[in-house]
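Colleague: The structure follows.
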Amino acid sequence: MAGARAAIRYAKAVLSLASDQNTADTVNDDMKLITETIANSKDLNDTLKSPVVSSAIKKSVLVEVFKNSSKTTLSLINTLTTNKRIDILGDVALKYNELFDQSRGIELATVTTAIALTDDLKKQVLAKAKALTGKDVEVENIIDESILGGFILRVGDIQYNASIANQLGKLKREFTLN
């Protein structure tokens with residue numbers, strides 16, 4: 001919990017600094033890359049979380065991996081290393097992306113489907129989500145074959161479940177009650 005609060009504080013500070021320097025878009029791209037890289041690299045994630053690996057080594061690895069990042073991003077890595085909080089870099093990057101999107105009035109919609117969304121369906125989901133929220137929406141597609149078909153749309157705290165598994169569950173409950 002304390003790590004999450006710290007991540008939010010660092011993310012807010014970096015967003016404020018980047019906004020003042022008119023580099024918020026560039027830093028947002030860096031943060032997306034950091035989030036993706038840490039999530040997709042077990043070795044990097046393990047290195048950041050390891051108490052055995054020294055802060056200097058963690059910093060040198062991150063500076064090498066993200067050497068094309070902006071000055072603000074590299075400054076964040078330096079600050080987290082100095083404060084012995086480099087293990088929350090992925091959380092800070094994720095929170096930065098969320099705060100950046102909020103500041104731009106963009107909402108993230110998560111669509112869970114049994115198969116990948118086609119471009120046409122993605123456009124329809126974007127239109128529906130925008131109509132529900134009144135905001136610009138980015139769609140993230142999660143594939144979960146257990147829903148059998150249909151979709152589950154989540155935008156903020158709104159959820160619309162139109163999955164086949166949900167409909168079958170409703171039928172099952174109706175038959176067991178009668």
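The values are calculated or read from the model by the stated rules, or taken from the named source; none is laboratory data. What you see is a predicted model; the values in this text were computed from it and never measured. Methodologically, a virtual Cβ is constructed for each residue, glycine included, from the backbone with ideal geometry; neighbour enumeration extends over all protein chains shown. Heavy atoms of the whole protein, side chains included, go into the accessibility calculation; ligands, DNA and RNA do not. Shrake-Rupley method; radii C 1.70, N 1.55, O 1.52, S 1.80 Å.
Colleague: Using Cα atoms only, what is the angle between the long axis of helix 2-20 and the major principal axis of the chain, expressed in degrees (0 to 90) to the nearest 10?
Modeller: The helix 2-20 is inclined about 70 degrees to the chain.
Colleague: Nearest-5 percent of antiparallel DSSP beta bridges in region 101-165?
Modeller: Around 55 percent antiparallel, to the nearest 5.
Colleague: Describe numerically, in nm with one decimal, the distance between label points set 7 Å from Cα along Cα→Cβ at residue 102 and at residue 71.
Modeller: 2.8
Colleague: If each of residue 123 and residue 23 carries a label point 7 Å out from its Cα toward its Cβ, how far apart are those two points in nm?
Modeller: 3.8
Colleague: Which value in deg cm²/dmol, rounded to the nearest 500, describes the helix-derived mean residue ellipticity at 222 nm for the chain, given -39,500 (n - 2.57) per DSSP H run of n ≥ 4 and division by the residue count?
Modeller: When only DSSP H runs of four or more count, the value is -20000 deg cm²/dmol.
Colleague: May I ask for the angle, rounded to the nearest 10°, between helix 119-133 and the longest principal axis of the chain, with both axes built from Cα atoms and the value confined to 0 to 90°?
Modeller: 90
Colleague: Now a separate question. From the cross-link list 32/123; 95/170; 12/123; 42/123, which pairs have alpha carbons spaced over 28 Å apart?
Modeller: Beyond 28 Å between Cα atoms: 95/170; 12/123; 42/123.
Colleague: Something else about it: Using +1 on the beta carbon of Lys and Arg, -1 on that of Asp and Glu, and nothing else charged, what's the dipole of region 51-178 about the Cα centre, debye to 20?
Modeller: The dipole magnitude comes to about 320 debye.
Colleague: Here's a follow-up. Hey, got the dipole for region 32-122? About the Cα centre, +1 on K and R Cβ, -1 on D and E Cβ, debye to the nearest 20?
Modeller: 500
Colleague: Which shape class, rounded, prolate or oblate, goes with the chain when its Cα gyration tensor gives a ≥ b ≥ c as root eigenvalues, a/c under 1.5 marks rounded, and past that a/b bigger than b/c marks prolate?
Modeller: Prolate, since a/c reaches 1.5 and a/b exceeds b/c.
Colleague: Another question about this same structure. Where is the GNM fluctuation largest for the chain (alpha-carbon springs, 10 angstrom cutoff): 118, 47, 81?
Modeller: 118
Colleague: To continue, here is another question. Residue 53 accessible area, nearest 10 Å², 1.4 Å probe?
Modeller: Surface accessible to solvent at residue 53 totals approximately 40 Å².
Colleague: Describe numerically, in nm with one decimal, the distance between label points set 7 Å from Cα along Cα→Cβ at residue 167 and at residue 9.
Modeller: Output for this residue pair reads 5.0 nm.
Colleague: Moving on to the next point. Let me see the pair-distance distribution of region 86-178: every alpha carbon pair, 5 Å bin width, integer percents in order.
Modeller: Histogramming region 86-178 at 5 Å steps yields 3, 13, 18, 18, 16, 13, 9, 6, 3, 1, 0, 0 percent.
Colleague: Could I ask something else about it? Would you mind checking the tilt of helix 164-177 against the longest principal axis of the Cα atoms of the chain, expressed as 0 to 90 degrees and rounded to 10?
Modeller: 50
Colleague: When the convex hull of the Cα atoms of region 23-79 is projected onto a plane and the area is averaged over all directions, what value comes out in nm²?
Modeller: Computing the convex hull of the Cα atoms and averaging its projections yields 3.7 nm².
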